[in-house]
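The values are calculated or read from the model by the stated rules, or taken from the named source; none is laboratory data. Here the structure is a predicted model, which is why all the values come from computation and not from measurement. FYI the Cβ positions are ideal-geometry reconstructions off the backbone, even for glycines, and counts take in every protein chain you see. The accessibility values were calculated without ligands, DNA or RNA, using every heavy atom of the protein model including side chains. Shrake-Rupley method; radii C 1.70, N 1.55, O 1.52, S 1.80 Å.
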Amino acid sequence: MNSSATATPFVKASACGNDFLIIDGIQAPADLAAFSQRICERHQGVGADGVEWLFPAEDADVHARLFNADGSEAEISGNGTRCVAAYLCSERSREEVTIHTGAGLKVCTLTSRNDTQYEFEIAMGEPHVGEEFPIKLSSREVRGIPVSMGNPHYVIFVDQFAPGWQAEAAEIGRHRDFKHGINVELVNAVDRRNIATRFFERGVGETRSSGTGSCAAAVAAIVAGKAESPLRVHAPGGVQTVRWEKQVFLRGAARLVCRGEFYL
C-alpha cells in the first residue's frame, strides 16, 4: 500500500441480500456522492447497494444519510436502517435504537440476536396510498398503485415474473410521470398471508430485497384486497414480515458481514 493513500474504515452489513456499507460521518469526504459511488462499485470498490453515513443527532441515537450505488441520495432504506441498527447494537449493546432518516425517526426494536445475525422490528410510519393508475410504456401499458413509505413506490401485480422484467421496471423508474424517479415492485399474491416480490430500486437497479419496498408491496396488496396483515413478503434474498396497524411494522434480519478499510 502507498503510504500516502487515505484509508476509510467501513463495516459491511446485509439485510436479506440487500447490502450496505456503514461509515462514520467523521470520515466523510467533501463529495459524498462521488465517494459513495466509487466505494459501492463491485469491481474496483468494496461493492454494495448503498452507503449509510452516520452523523450525530440530537433527537436520535444517530442520523443516517443514505447514498445509493449511483451516488444519488435517498430518503430511506428499510433494510439499510436495519443494518445501521445491527451495527449500533453491536457497538453499544442496545435493545432499541432510534435512527434519524430522511423519512423521519425510525425506532428499531431488537427481537433476537445470534452472534453477528440480528433481527429487528422497525416502526416504519404510516403509508400514503394513492389510486391505481396506468403508465404507457414503449411496448404496453401497465397499471400500478403508488405508495409512499417516506420514499416513492409503484406496485404492479403480476401472475408471474416474466423474463426481462428488469428492462420494463427501469423504463417505469425513469418515466416522465415520476419526476424524481420511483422504486418499482412487482408482486404476485400467493395467498392471503404471502406475497412474492421483485424489486427495482432508484439509484441501484434490481436488488435481492427491499425493506420499504416490502412495506409498499404489502400495503398495496392489502388495499387491493389480495392479502391481509400480517403478511410474509418473499424475495430472492429472503423473507420479511409486514404488519399494518395504522402504521406499518417491518420485521427482518440483518447480518454484519465484515470490517475493512477502503483505500483512495
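List of remarks:
- Any hit, the range 178-193, residues being β-branched (Val, Ile, Thr) and farther than 13 Å from residue 152 by Cα: yes
- Filtering the range 103-115 to residues that are in contact (Cβ under 8 Å) with a residue 24 or more places away in the chain and under 13 Å from residue 59 (Cα atoms) leaves 104, 105, 106.
- If you filter the range 16-65 down to residues that are without any contact (Cβ under 8 Å) to a residue 12 or more places away in the chain and among the aliphatic types (A, V, I, L, M), you find that the one that is farthest from residue 239 (Cα to Cα) is 30.
- Qualifying residue in the range 251-260 (condition: under 21 Å from residue 67 (Cβ atoms) and either open to solvent by less than 10 Å² (accessible area, probe 1.4 Å) or of a type in the set (Asp, Glu) (or both)): yes
- Close pairs (7 angstrom Cβ cut-off, 6 or more residues apart or separate chains): exposed (fewer than 11 other Cβ atoms within 10 Å of the Cβ) in the range 1-15, modelled with pLDDT of 70 or more anywhere: 1/263; 5/263; 5/264
- Single match in 96, 41, 52, 75 (criterion: under 18 Å from the mean Cα position of the chain (by Cα), at pLDDT 95 or above and surrounded by fewer than 15 Cβ atoms within 10 Å (Cβ to Cβ)): 41
- Meets criteria (open to solvent by 40 Å² or more (accessible area, probe 1.4 Å) and either of a type in the set (Ser, Thr, Tyr) or farther than 26 Å from residue 33 by Cβ (or both)) for residue 192: yes
- Screening residue 65 on (1) over 25 Å from residue 206 (Cβ atoms); (2) open to solvent by 10 Å² or more (accessible area, probe 1.4 Å); (3) modelled with pLDDT of 95 or more; (4) not polar (S, T, N, Q) shows it passes everything except condition (1).
- Restricting the range 79-102 to residues that are in contact with a Ser or Thr (Cβ under 8 Å, 6 or more places away or on another chain) and outside any helix (DSSP H, G or I), the residue that is farthest from residue 201 (Cα to Cα): 95
- Strands (runs of 3 or more DSSP E) wholly inside the range 116-225 containing at least 2 residues that are more than 20 Å from residue 74 (Cβ to Cβ): 117-125, 133-136, 141-148, 152-157, 183-191, 194-201
- Hits in the range 98-119 - residues which are of a type in the set (A, V, I, L, M) and farther than 26 Å from residue 147 by Cα: 110
- If the condition is being surrounded by fewer than 16 Cβ atoms within 10 Å (Cβ to Cβ), under 16 Å from residue 129 (Cα atoms) and in contact (Cβ under 8 Å) with a residue 60 or more places away in the chain, then the range 220-250 contributes 224, 246, 247.
- Set 184, 147, 107: member being surrounded by 13 or more Cβ atoms within 10 Å (Cβ to Cβ) and touching a His at 6+ places or on another chain (Cβ under 6 Å): 147
- Residue count for the range 130-144, restricted to those that are surrounded by 10 or more Cβ atoms within 10 Å (Cβ to Cβ) and under 16 Å from residue 186 (Cα atoms): 8.
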